[in-house]
1. Report, as a whole number in µm² per second, the diffusion coefficient that Stokes-Einstein gives for the stretch B:423-479 at 4 °C and 1.567 mPa s using the Kirkwood radius over alpha carbon pairs.
2. Using only the alpha-carbon atoms, how far is helix B:225-244 inclined from the longest principal axis of chain B? Give it as 0 to 90 degrees, nearest 10.
3. Express in % the proportion of alpha carbon pairs of the stretch B:285-376 at distances exceeding 23 Å.
4. Other chains near A:440-446: what is the mean number of their Cβ atoms within 10 Å of each residue's Cβ?
5. Could you tell me the largest-minus-smallest coordinate of the C-alpha atoms of the protein assembly as shown on each of the three principal axes, in descending order and whole angstroms?
6. State the dimensionless ratio Rg/Rh of the stretch B:252-317 (Rg: radius of gyration of Cα atoms; Rh: Kirkwood radius).
7. Going by alpha carbons, how many degrees (0 to 90, nearest 10) lie between the helix axis of B:469-479 and the longest principal axis of chain B?
8. Need one word for the stretch B:100-170: rounded, prolate or oblate. Basis is the Cα gyration tensor (sqrt eigenvalues a ≥ b ≥ c); a/c below 1.5 gives rounded, then a/b vs b/c decides.
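Nothing in this text is a laboratory measurement; each read-out follows from the coordinates by a stated rule. If you're wondering where the values come from, they're calculated on a predicted model, not measured in any experiment. Note: ideal-geometry Cβ built from the backbone for every residue, glycine included; neighbour counts use all protein chains shown.
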Ligand SMILES: [Mg+2]
Ligand SMILES: [Zn+2]
């Protein structure tokens, strides 16, 4: 059966299959895999098939909304979809029906793309393992004793397990790229502002970005084309007319003359697993074989990135998550005797431990007397980190690094040490701080544990075209992806 | 000399008049069914984002220009965090360190509210004007509260004064002037009953002449300018009594009970609230070029003060009359239209102040709904000046115009109210009056000049008010 | 900067954030927070002399909308998600003392 969006699209448009057949096949696969993977919080079979029937009848009439009309795509459970519960994998939102569609969902519907299930995640996108969900712990399809990564772990696992051809995730500090790397699929974090955040339940507003998790680069481009564009409902949305990125991938790019920067701080680092480094080195060698040139670059403020990130992300989160209080919607504690208790108990019961940790940190760094030492300082660090990246991009077209220092963690590995888990975000968070774009590609497997290793390509603001072209060239000359 | 110096500063929240709310496109309307002017944005639903209302920003800048503020070239919005059920996101989008307007002032003058004695002119500093979003409206029941979010997310200006006021009268005058300015520029109606203007008072007393401020007490729940005036007077007396008794005052928030005429303790501020302000990441900064500020300045209406001065100079009005006429822009505009068509603007001013405003008040009409157009009032005044009708008849004509419309000439014609200036007609009436009032004739002739007025009244009565009064007086003097 | 990490007052921060914490939860959170705050104190080593803070990832300014009202949502959409209501019209909450904005 067809597995990628572009293959499904071709078969649908050739009349080889119907959308109902495609959706039934993925629903069948989902039914088969879910007991062991638990990638989804919910899948509304009836709704999916109804939309598939509509897509088929449009296609029969010659009224298809787009080449992707009738293909299914999973949604991370923090993307609002009208009429569905959008829980963010949290108890506090487990009974709230969304009254509206996120802009990305509206765009998907306008193209006929069928929202397929609510993918599991770390609660409010806080975590790197998908273990911080109030409903299920998703397993890594490549080894179910391991985590799929997070926070978009359900999205990545669903794609890797073949339950759905593609999914949307959100990336605040690596939450698309890291699970893509752990599960052996492609994950793209677009430039901040390229995809509307309207309807994405905010974790950290200045860092969040929705992006695709797919089986290959071409699908990432297709899906990004479908969901990106200026949105008047999002004040931070970029106003740009961009040509189709998928179209630019018709022919593999010639990498001659492409300069790939290797940030020395990312390689000279304790904690980078030797087997991961080996796979990344092989990828670098491959790029050189294909004609690309590598250059050494430096990101001198890299060591401050994790600290700056956790200060800024949690500060914004502490305000963003204040609205979950059991007043207008969501779980309200029945034990509360007065208003203060309603807040304390509804939030105390409704949020999981990692969410509380981050709200506490964020509240602290903004509190009176600490703002300058933490929040303001972190914002200044952010400027320095961005300047580092801008200087590096003067010397190269894109940069390359591991996506993560290790392969997928064993389940429960960081349960007692959240700080160690935060530190594993070292390679991904800077692109969120700078707002630049990045992609994680499957580059091979670790020799020791056999788990997939992702290589991260980083581009400057709106550098998606080059990023995708280079990824595509690499992908067409390698067959590392296994399903 | 008073024993204590009183220091008063006001924080006034003014609802900006716009079609839509501050950050979403729900209608910015008062009086709709509860929770019908709401959307995911103003309900603080997950995933929503704010987009600022351009007109609300323009009106805030206009308010700044009208109060001589400096307009910031670079402003931003910030989040102010505190939990409250009337605030959907549990943070308010407001402005912290870079508000749109800074360092302005307004001039207060007129009469004291307490005793109608003149209030010395005084400039009151405006610390800042910033733009934020309104909160929802709570209705309180014995054990619970009900929240209506229609008001939530409406554009709201916060106008913070310097602690420049020293009495309830000054605070009252400040609010009066501020409201006048907002209405002049069509920034807000400032109707307190609709919550379009809300005022918190910060008040402290210190021993006369001392530099350091005393303990600041905040007054809330003030529902009218009158209750603000009463609350301040009450609070000054209360604090002075406490200080006299040697009791230390604590920083607290007090409410006002209008029925009891006293303030009551709402809560003691143990620690400063920790609002955890930080720049709103969902909104971009707002910048203004000189040209953009000038463009808003160009649309700025004449300030009430400037208009008042101009009316005094151009139309020869007294400061008091000018103040009354410029109180409402619509009244001032009415006056100006009528006055420019008249040979005697002072006379027009008198007519508006003594007749028109009274009729309007009686009929509970706004001047915008006035059935007498300014040109008709000017025409009426000219008819008096030309001797076509007497002032008394004119009042009758005016009442008719106000009730049923129509031009003065048409009414005079239809009702036969033309003034009688025909000397033979007047002579026969004078003769009749003398004949019928012999006793009074005797009094006049024995030196009681005051009786003349009695005869004038008799003649006017006989003429049904139409006789030319000057001619009547002259002829009576002659015949008596 | 150890005086900063030791000044993390869990009870007051949790109260400010309106989070009720259980006693055992507090014990583990206190340890976590100490460690994390100690870690982010690395920022104190950074020389930021003359560096402007960066609040946004995209350097946009003056994004505003025209003042036009659109239809609101039906009340039912929000009432149906509300934990408690009064007559299906108002959102019901435990009694609040109104202190205004
Ligand atoms: Mg305010
Ligand atoms: Zn709204």
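1. Using the Kirkwood radius from Cα pairs, D works out to 117 µm²/s.
2. Value to nearest ten degrees: 60.
3. On the way: 1405 of 4186 pairs.
Beyond 23 Å sits 34 percent of the P(r) for the stretch B:285-376.
4. Other-chain Cβ atoms within 10 Å of each residue's Cβ, averaged: 0.
5. Projected onto its principal axes, the Cα set of the protein assembly as shown covers 137, 79, 56 Å.
6. Taking Rg over the Kirkwood Rh, I get 1.27.
7. The two axes meet at around 30 degrees.
8. Numbers: a/c = 3.72, a/b = 1.71, b/c = 2.18.
Because a/c hits 1.5 or more and a/b fails to exceed b/c, the stretch B:100-170 counts as oblate.
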